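The values are calculated or read from the model by the stated rules, or taken from the named source; none is laboratory data. Keep in mind that what you see is a predicted model, and the values were worked out from it rather than measured. Cβ sites come from the backbone with ideal geometry, for glycine too, and all protein chains shown count toward neighbours.
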Amino acid sequence: MARKSKYDVVVIGSGPGGLAAAISAKKNGAEDVLIIERDLELGGILQQCIHNGFGLEVLKKDLPGPAYAQLYINEALALGVETLLDTMVLDVSPRRRIYATNKRDGVLDLEAHAIVLAMGCRERTRAQVRLPGTRPAGVYTAGTAQRWVNVEGYMPGKRFVILGSGDIGMIMARRLTFEGAKVERVLEVMPFLTGLMRNYVQCLMDYDIPLQLRHTVKRILGKDRVEAVESVQVDEHWNPIAGTEEIIPCDTLLLSVGLIPENELSRKAGVSLDPITGGPFVNNEFQTSVPGIFSAGNVVHVYDLVDWVTEAGLLAGKSAAAFAQRERESEIRHLPLLPGENVRYVIPHRVDKESLATGDVRLQMRVKQPIEAPVWVEVRSGEKLITRKGEPYVRPGEMVTLVLPSKVYDEVRQARELSLAVVGR
Amino acid sequence: MEEETRVICITCPKGCALDVTREGATVLEIRGGGCKRGQEYVKAELADPRRMVATTVRIRGGLHPLLPVYTAAPFPKGRIADLLAELRTLELRVPVKMGEVVLKNALGTGIDILASRTMTRLKEKNGEM
């Protein structure tokens, strides 16, 4: 299980984008890869998309969503990708620190050489399409209903109206019909179908579910529970046409009215977002505006096909692994300077070993406590003394300077860190 | 007597519309559509329409109370309701592995019903067993 505090690559989210990124990072040389997932299992939304049609492009197979996810889950686990399930990421910093929480560990504080954001997208809700009327129970997004019906085993109603002719809406119309519900109507405000024609045929036509284009919900009726919706036709400017209203009795209204990339964490990490896509600005490696923070899948822009999300994840994971490797190399090359006995801080915080090959490096520090007697200012690598300098006394108000001479280059090349101490002579 | 019908092909995401002239059960002419698969689809659709079916089956002992399943091949359209009724009577037990047959030769059609995912006992993690 994940108990390390530092990873080469951390992936946030385990949908198709996150799984592909983790697999690809591992295959491209990342030493340890961790996926953080807020759900109890890997796979993301694919687990509730039980209909087939996934994988035609990338796998040349026609699979249901859970099967498509399972193939990538199996591959990730076989490669040794670590997972933290049932864990919510609360914050990501531009320095690639991740704060997360779960029931077992409380608060987790992790560091990563590279991060892949793969949080996917969210459905537009009633508030975002401003549907007038009362606020009874029985108004849900299509994806929420899909989760209940396909995963948790709840039917959210008996008589449905679906607003929006996107693929999720049409697929849910068929699914609800399979489970014994009556789908009274699918309403679409646009003058054309917004999903695929094949889904119109096999989800709506096959089950005689009427579709009305240029129609929307004018108002929701019902006190505690939806009792009906009032539909209305709209003109070419989307204005309701008076006299075309119709009361459609139903107990549930499902909304299939668009998806928005989910970028709460990206924003916290200081990632710049494109106001048009709602996702991060990215380069051809899917790196965001923050170095070392990559993004993959619907968190960038909403894709038509899962296959393309997988491809984006593979590329982002590869880029993250390459970045992480450069960070690792840089860490080996740079020596951290740690304040030891009676040293409050040292500047610089780290030294490029190679710069010692060509010249001296000046270190400056302040002591914690005054010592009014001769002292040594020592630089050590573990127990081994690298260099030292005598001072007649030290005081916190007077900065101490010490030169790390070029001649110690060979000695510190193998060192992992140096510590500084001010001790009595 | 000749009859005109329009059939929308669902073989691929393009969704071509094909116009068919037929006399009784005999297809006289198919017009439109971009490929051979469309012609085949129309003939099959008029003679013996079939659909891929994906649904869920009850399962005990796993993370969720339902296991997603699907038909190994397109299923006769007229018998989908019977298939769903049959699947509603099933109750499985974990563990089940992706691709495992959960109902063999459904309704005598020769078509198997397969598990869409692996579901292990609740204590284990999902994934490969």
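Being modelled with pLDDT of 95 or more and part of a loop (DSSP other than H, G, I, E, B) is the requirement here; does residue A:180 meet it? The answer is yes for residue A:180.
For the stretch A:198-220, filtering for residues that are within 14 Å of another protein chain (Cβ to nearest Cβ) and either under 16 Å from residue B:52 (Cα atoms) or in contact (Cβ under 8 Å) with a residue 24 or more places away in the chain (or both) leaves 11. So which residues in the stretch A:58-71 are out of contact with any Gly (no Cβ under 7 Å at 6 or more places or on another chain) and more than 10 Å from chain B (Cβ to nearest Cβ), if there are any at all? Passing the criteria: A:58, A:59, A:60.
Each residue in the stretch A:183-197 was checked for being within 18 Å of residue B:53 (Cα to Cα) and modelled with pLDDT of 95 or more, and 0 of them qualify. Among residues of the stretch A:42-55 that are outside the structural domain of residue A:77 (by TED's automatic domain parsing), none has a Cβ under 9 angstrom from a residue that is modelled with pLDDT of 95 or more and part of a helix (DSSP H, G or I) at a sequence gap of 6+ or on a separate chain.
No other residue among A:362, A:395 is closer than 22 Å to residue A:330 by Cβ and not β-branched (Val, Ile, Thr) apart from A:362. When residue A:111 is tested against (1) of a type outside the set (Gly, Ala, Ser); (2) surrounded by 19 or more Cβ atoms within 10 Å (Cβ to Cβ); (3) not in a helix (DSSP H, G or I), just one condition goes unmet, and that condition is (2). Of the set (1) exposed (fewer than 14 other Cβ atoms within 10 Å of the Cβ); (2) of a type in the set (Val, Ile, Thr); (3) in contact (Cβ under 8 Å) with a residue 12 or more places away in the chain, all apply to residue B:26 but (3). Pairing residues of the stretch B:85-99 that are within 14 Å of residue B:114 (Cα to Cα) with residues that are of a type in the set (Gly, Ala, Ser) and assigned to a strand (DSSP E or B), at Cβ distances under 8 Å and at least 6 apart in sequence or on separate chains, gives B:96/B:115; B:97/B:115; B:98/B:115; B:99/B:115. The criterion of at least 2 residues that are within 20 Å of residue A:52 (Cα to Cα) is met by the following strands (runs of 3 or more DSSP E) wholly inside the stretch B:1-92: B:54-60, B:66-71. Considering only residues in the stretch A:73-89 that are within 28 Å of residue B:73 (Cα to Cα) and surrounded by fewer than 24 Cβ atoms within 10 Å (Cβ to Cβ), the one that is nearest to the other protein chains (Cβ to nearest Cβ) turns out to be A:74.
If the condition is being more than 21 Å from residue B:50 (Cβ to Cβ), β-branched (Val, Ile, Thr) and surrounded by 15 or more Cβ atoms within 10 Å (Cβ to Cβ), then the stretch B:71-122 contributes B:94, B:96, B:118, B:120.
For the stretch A:86-139, a residue qualifies if it is aliphatic (A, V, I, L, M) and free of Cβ contacts under 8 Å to residues at least 24 places away in the same chain, and the qualifying residues are A:90, A:107, A:127. Output yes when any residue across the stretch A:331-347 is in a loop (DSSP other than H, G, I, E, B) and touching a Phe, Trp or Tyr at 6+ places or on another chain (Cβ under 7 Å), and no when none is. So far as the stretch A:331-347 goes, no, none of its residues is in a loop (DSSP other than H, G, I, E, B) and touching a Phe, Trp or Tyr at 6+ places or on another chain (Cβ under 7 Å). Of the candidates A:33, A:58, the single residue that is in contact with an Asp or Glu (Cβ under 8 Å, 6 or more places away or on another chain) and at pLDDT below 95 is A:58. Would you check if residue A:143 is part of a loop (DSSP other than H, G, I, E, B) and touching a strand residue (DSSP E or B) at 6+ places or on another chain (Cβ under 6 Å)? In short, no. Within the stretch B:1-17, the only residue that satisfies the criterion of being in contact (Cβ under 8 Å) with a residue 24 or more places away in the chain, touching a Lys or Arg at 6+ places or on another chain (Cβ under 7 Å) and aliphatic (A, V, I, L, M) is B:10. Evaluated against (1) of a type in the set (A, V, I, L, M); (2) under 23 Å from residue A:205 (Cα atoms); (3) within 14 Å of chain A (Cβ to nearest Cβ); (4) out of contact with any helix residue (DSSP H, G or I) (no Cβ under 8 Å at 6 or more places or on another chain), residue B:47 falls short on exactly one condition, (3).
Residue B:66 falls short on exactly one of the conditions (1) more than 12 Å from every other protein chain (Cβ to nearest Cβ); (2) free of Cβ contacts under 8 Å to residues at least 12 places away in the same chain; (3) buried (at least 18 other Cβ atoms within 10 Å of the Cβ), and that condition is (1).
Considering only residues in the stretch A:398-422 that are assigned to a loop (DSSP other than H, G, I, E, B) and among the aliphatic types (A, V, I, L, M), the one that is farthest from residue A:333 (Cα to Cα) turns out to be A:399.
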